[in-house]
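Comments concern the structure below.
Please treat every number below as a calculation from the coordinates, not as lab data. The shown structure was predicted, so the numbers you read here are calculated from the model rather than taken from an experiment. No Cβ is skipped: glycine too gets one built from the backbone with ideal geometry, and neighbour counts run over all protein chains shown.
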Amino acid sequence: MGVQHGSKRCKEDQEAPRPHDILWFPDGNVVLATDTYLFKVYKGLLASHSTVFRDMFDLPNVGEAIHGEINGEIVQEMYEGVPLISLIGDDGEDVAHLLRAVFERHYYHRDDKDTPLNVITALLVLSSKYDFKELLKDVVIQISQHYPMSLQEFDQVTEDDVPIFGRERSDCELPLLKAAFKAGVDALLPILFFSSTFRDVSSIFRESDSMSPECLHYLMKGKEQLDIKVHQLISDLPEYLRKGVGSSDCQCSEAKTCFQKAQYTNLSALINSYFYQTRGPVVVAGYLSPICEHCGASVAKSIDEKREEIWKEIPSYFCYPGWEATKARLDELINS
Ligand SMILES: [Zn+2]
């Protein structure tokens with residue numbers, strides 16, 4: 001009884017959606033409704049950008065100013081004389097970002113380095129949901145520029161650690177992953193899953209409330225597999241060392257050759273490393289006793305070759321085909 005009463009009061013207290021300050025064109029011919037805002041916009045413009053809205057307006061009695069019931073069919077809801085369409089489950093602020101990107105020439109540019117993260121995630125999810133094809137392309141291109149799919153490029157952007165979408169890079173990965181998963185953009189998902197494994201378990205679970213259970217499952221499963229691979233790589237470092245030092249090109253002029261003196265120290269400090277922290281030159285500089293330049297480069301190369309082998313397998317940890325197939329998918333989406 002008490003619960004019912006509380007629920008009722010809650011519903012009564014809830015504010016009715018109000019016309020949006022900007023997206024309310026007096027001569028608009030359709031009203032889109034969310035829980036917070038109403039948007040009075042133009043059907044023709046929406047239909048020209050979005051196949052979902054076009055198809056919706058093509059349906060009988062949808063988007064037309066029809067009053068009364070006709071043979072038991074769904075009757076168009078109206079708002080001050082124009083058809084009203086409820087966008088069920090869409091956040092009002094997110095819809096505002098979408099509509100402003102469509103109706104305002106300079107609201108969103110894919111080359112804008114300062115596009116806020118919440119705008120990017122809203123545009124990604126909603127342009128996919130309502131099939132705003134050109135907008136989706138732009139957003140996917142913009143995100144993919146920050147998340148390249150080759151190991152060398154990925155190591156570089158990770159090392160540069162430049163803020164993206166107005167935030168620290170590390171703050172962007174989980175929100176982008178959630179949005180891309182919701183939008184079903186497979187061309188972005190392997191690299192965003194991989195990037196999200198850099199976050200610790202506490203950070204992941206802080207974000208998990210708004211993450212689909214399926215997405216969380218893939219992320220944790222892939223993170224576990226990748227951790228095992230990184231641990232194997234670190235455990236096998238002494239083995240790669242023996243292969244890398246003491247060749248006939250060794251430039252060591254001391255009594256002890258590189259082969260005799262090379263050894264790792266403090267390797268246990270690497271055990272909690274993320275994949276990008278295992279780059280060959282970084283490991284050699286930080287954990288290997290001094291050896292000649294040639295042998296150092298040779299050891300670093302053997303570590304990097306192992307990293308390349310792991311890199312190739314990364315999409316499969318998250319149940320996706322390889323990088324080449326993912327790149328082909330990205331090209332297909334961008335060029336469609
Ligand atoms: Zn040497």
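Between the alpha-carbon centers of the stretch 157-190 and the stretch 137-151, tell me the distance in whole angstrom.
9 Å
Output the relative contact order of the chain, whole-number percent, from Cα pairs under 8 angstrom with separation of 6+ residues. All intermediate terms of the calculation are to be shown ahead of the outcome.
On the way: 406 pairs, mean separation 40.0, N = 336.
Rounded, it is 12 percent for the chain.
Rule-of-thumb check for the stretch 174-309: C-alpha Rg over 2.2 N^0.38 Å? Walk me through the numbers before you get to the answer.
On the way: Rg = 19.1 Å, N = 136, 2.2 N^0.38 = 14.2 Å.
Taking the Cα Rg and dividing by 2.2 N^0.38 Å, one obtains 1.34.
Between LYS256 and ARG110, take the C-beta separation as r, use R0 = 51 Å, and let me know the FRET efficiency to the nearest 0.05. Each step should come with its number before you reach the end.
Numbers: r = 57 Å, r/R0 = 1.12.
Taking R0 as 51 Å, the efficiency between LYS256 and ARG110 is 0.35.
Which is farthest toward the positive dipole end of the chain among TYR107, TYR274, THR121, measuring Cα position about the Cα centre, with Cβ charges +1 (Lys, Arg) and -1 (Asp, Glu)?
TYR274
How far apart, in nm, are the 7 Å Cα→Cβ label points at GLU293 and SER235?
3.7 nm
Within the chain, what percent of beta bridges assigned by DSSP are antiparallel, to the nearest 5? Intermediate values should be presented prior to the final figure.
Numbers: 9 of 15 bridges.
Percent antiparallel among DSSP bridges in the chain is about 60.
So what's the chain giving for Rg/Rh, alpha carbon basis, Kirkwood Rh from the mean inverse pair distance? The partial results should precede the final answer.
Details: Rg = 26.9 Å, Rh = 23.6 Å.
Rg divided by Rh gives 1.14.
Roughly how many whole Å is it from the C-alpha centroid of the stretch 30-52 to that of the stretch 279-325?
50 Å
Ranked highest first by average number of other Cβ atoms within 10 Å, how do 100-106, 183-189, 317-323 line up?
Details: 100-106: 15.3, 183-189: 19.9, 317-323: 17.7.
Listed from highest to lowest mean packing, they are 183-189, 317-323, 100-106.
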